[in-house]
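These notes concern the structure reproduced below.
Read-outs: derived from the displayed coordinates by stated rules, not from any lab. Please read all numbers here as calculations on a predicted model, not as lab measurements. Glycine gets a Cβ as well: all are built from the backbone with ideal geometry, and neighbour counts include every protein chain shown.
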């Protein structure tokens, strides 16, 4: 049996007397698309922050590619293959679209600071490769036409797409998407669903998706875990989750209406 790409075992985090996430256990395999859902305040983003090293669990273990992540800084976890986006778009607003991608590409740049100071042949070749790779990414995701525009001048949907492309530029094995459909209209959400499927298939990535829009979650996820007040109350296929009594109650307050209509 292969080792899961990501493994959470009884992960708990407390802030003073508040338990934000309690004994969360789940796994994600390579190439799997998993949803993490729950009402506001359920602990979804807190779980993201623990996976990416922003928070350290109070107890429990997180393993990525078989190795414990305890004490590893977010930048190192990103270099090892965990990338994420945020609820609120966090682009480098003073940089161009192209430079947002070039910055992410620098994560794997082997040139040291002396090379940057002297700007020798090795540095020039490295920068040329980074720009070439960045432009290829922008072409793939139909953003090359605005390469020289300021990132924050793009339409909202394109900013969301750019943030995802910037995360891809770090060459992740696991991509965490935190409410990517927030603020999007129905047409943009449909485009987002196609984009996530395309990314997963083209780059053979595992994807962990936090999202409130049930059409998006049920439409693309292979497996879904549900949190309520920091505890996992259900996990299964979309069909299993949309009919699960505890899930329906968590969202609607009564086990009467399927979750797909929430």
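Could you tell me whether residue 136 is within 24 Å of residue 80 (Cα to Cα) and without any contact (Cβ under 8 Å) to a residue 12 or more places away in the chain?
Values: within 24 Å of residue 80 (Cα to Cα): yes; without any contact (Cβ under 8 Å) to a residue 12 or more places away in the chain: yes.
Considered against the rule, which asks whether it is within 24 Å of residue 80 (Cα to Cα) and without any contact (Cβ under 8 Å) to a residue 12 or more places away in the chain, residue 136 comes out as yes.
Consider segment 1-27. How many of its residues are buried (at least 18 other Cβ atoms within 10 Å of the Cβ) and under 26 Å from residue 249 (Cβ atoms)? Show your work before the answer.
Of all residues in segment 1-27, those buried (at least 18 other Cβ atoms within 10 Å of the Cβ) come to 4-8, 11, 13, 20-22, 24, 26.
From what is left, the residues that are under 26 Å from residue 249 (Cβ atoms) are 8, 11, 13, 20-22, 24, 26.
Residues that pass the stated criteria total 8.
Scanning segment 45-97 for residues that are in a helix (DSSP H, G or I), under 12 Å from the mean Cα position of the chain (by Cα) and under 30 Å from residue 250 (Cβ atoms) yields 45, 47, 48, 49, 51.
Taking the conditions exactly as written (surrounded by fewer than 21 Cβ atoms within 10 Å (Cβ to Cβ) and within 11 Å of the chain's Cα centre (by Cα)), does residue 174 satisfy them or not?
No: the conditions fail for residue 174.
In segment 6-39, how many are in a loop (DSSP other than H, G, I, E, B) and either farther than 21 Å from residue 211 by Cα or free of Cβ contacts under 8 Å to residues at least 40 places away in the same chain (or both)? Explain how you work it out, then say what you get.
Just the residues of segment 6-39 that are in a loop (DSSP other than H, G, I, E, B), to begin with: 16-17, 29-32, 38-39.
This time we only want the ones that are either farther than 21 Å from residue 211 by Cα or free of Cβ contacts under 8 Å to residues at least 40 places away in the same chain (or both), so: 16-17.
Residues that pass the stated criteria total 2.
Just so you know, in segment 198-217 the residues that are touching a strand residue (DSSP E or B) at 6+ places or on another chain (Cβ under 6 Å) and in a helix (DSSP H, G or I) include one that is surrounded by the fewest Cβ atoms within 10 Å (Cβ to Cβ), and it is 200.
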